[in-house]
Amino acid sequence: YFLDKSDKYDSRDVERLQQDDKWVENYLLWRHDVVDDALKMIDESFQWRKEYTVNDLSESVLPKWLFEIGALFLHGYDKEGYKLFWFKVKHHTRDPKQQLEKKKLVAFWLEHYAKRDHGKPLTVVFDMAETGISHIDLDFVRFIVNCFTDYYPNFLTKIVIFEMPWIMNAAFKIVKGWLGPEAISMLKFTNKSDVQEYISGEYLPPHMGGTDSFKYSYPPLVDDDFQTPLCENGPITSEDEHESKEEVDADTKETGELNEAQSLNQKKMNSIEQISKSEETDKTEVKPKNAKKALTTFKGPLLHISPAEELYFGSKETGEKKCLIVLTNVTKNVVAFKVRTTAPEKYRVKPSNSSCEPGTSLDIIVSLHGGFAASLQDRFLIMAAEMDQSSGAGVPELTQFWKEVPRTKVMEHRLRCHVIESSKPSSLTLKDNAFNIPAKTNEDLHIQLTHLLQINKRLEEQMNRCLWFQQLSVVLSLLSVTVAAFCFYLANAQRS
């Protein structure tokens, strides 16, 4: 294939195939370890990737209106922990002139998610509420289906179709014809009464019977490895109310420890000279637990932000779930700020949308929610802008302020997550290291389990075939004995 069609492939894909065993394994798993079928899929997907310039797709090469319309986006998780890929069908209209850009948008989202989570499977949600005949676009649907069946191996867990209008039944009969038996089994037709069998209410919008207040918005996108819409992320009252007293006490204690080091500084911040002195104190005194280096400070035109680059969270083993961001207003006016994140389902930020008085500092507590763990791919964006002295600082005033402020007057600063591993390895880790065996991730175990299940399925099929042949052999043996006995009986009858 490579020798005959090397000009039809992107050299970056060929190089990755030669180095990335997991990518190869996904092709094999998706084609049930039939090498010829896997090779054919690689050939087709590589040609498609070059045709659509998948490796070069970015926000800048696609029309801005495609992102603004909000027809495609990633948000939330299903009950099995798989990321949800949303298709808001009501925002899609059939237009041959725009078809190529829309297809590239699908490839854009899939490729960037694949790079972030290394091919961890997705659950696709077709939200067909408020749709009709004008939204039917079989060519676009077929492209989406092909992405999962032919171009992105082992990438689909299920397709949840919400409130499909009866008028589209005929169209989906055609779609089923494009899907193989395995893909058809992944189709889940749902409505408001049963969609929560697959997706919990916290990730469903109100019109689907859920409580998720998430609203897709653009701009901005994060200009890092994974480009995904940033969304508002503040405390959720219903969830905060269920926190146990022990958690609240622990929060208060930890926050008190972090704020204690800041209290002296805050009292002295009446001038720029005193602010610079307090920053030096911050570097030595304000330090999250287990941090391996002193915090630095980003000195922006409106706010000084500490830490400057990374938020330190502990791994599941160390258990550190909170960290502190310190904002210092270095202007003579009130500064409004927002904190946004690429993973709003994982983090709680308090406060996430507020203001800071001139010459003062303010602490923002970032905590992991529920059983989530921090990831190196998670990002935070701090946006800040000066407010007029006459402007209020209440929620309505801040909401109106952010709608009207020009983007040229907004200061932005990004922070990434740093996961602190335990300094004392467990006995299991020591054992693995002793034999030079790398620790296996959840994704590796998932792939191995899938592989074992497929092998088990093939063994069951072989056993069933053996049992069938065994039963056939028994029947034929009995038939032969019966015929022989009958012949023996006829021979004796003729003699007599």
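The values are calculated or read from the model by the stated rules, or taken from the named source; none is laboratory data. Only a predicted model underlies this, so the values are computations on that prediction, with no experimental measurement involved. Cβ coordinates were reconstructed from backbone atoms using ideal geometry, including for glycine residues, and neighbour counts include every protein chain displayed.
Suppose we keep only residues that are assigned to a helix (DSSP H, G or I) and buried (at least 17 other Cβ atoms within 10 Å of the Cβ) within the range 30-46. Which one would you say is modelled with the lowest pLDDT? So, considering only residues that are assigned to a helix (DSSP H, G or I) and buried (at least 17 other Cβ atoms within 10 Å of the Cβ), the one modelled with the lowest pLDDT is 30. Is it true that residue 87 is touching a helix residue (DSSP H, G or I) at 6+ places or on another chain (Cβ under 6 Å), of a type in the set (Phe, Trp, Tyr) and buried (at least 16 other Cβ atoms within 10 Å of the Cβ)? When the stated conditions are applied, residue 87 does not pass them. Residues considered: 16, 31. Of these, the only one that is touching a residue at least 60 places away in the same chain (Cβ under 8 Å) and among the basic types (Lys, Arg) is 31. Looking only at the range 373-390, which residues are more than 20 Å from residue 302 (Cβ to Cβ) and free of Cβ contacts under 8 Å to residues at least 40 places away in the same chain? Result: 378, single match. Applying the criterion of being modelled with pLDDT of 65 or more and among the aromatic types (Phe, Trp, Tyr) to the residues of the range 426-476, the residue that is farthest from the chain's Cα centre (by Cα) is 469. Scanning the range 111-144 for residues being touching a Phe, Trp or Tyr at 6+ places or on another chain (Cβ under 8 Å) and within 19 Å of residue 161 (Cβ to Cβ) gives a total of 11.
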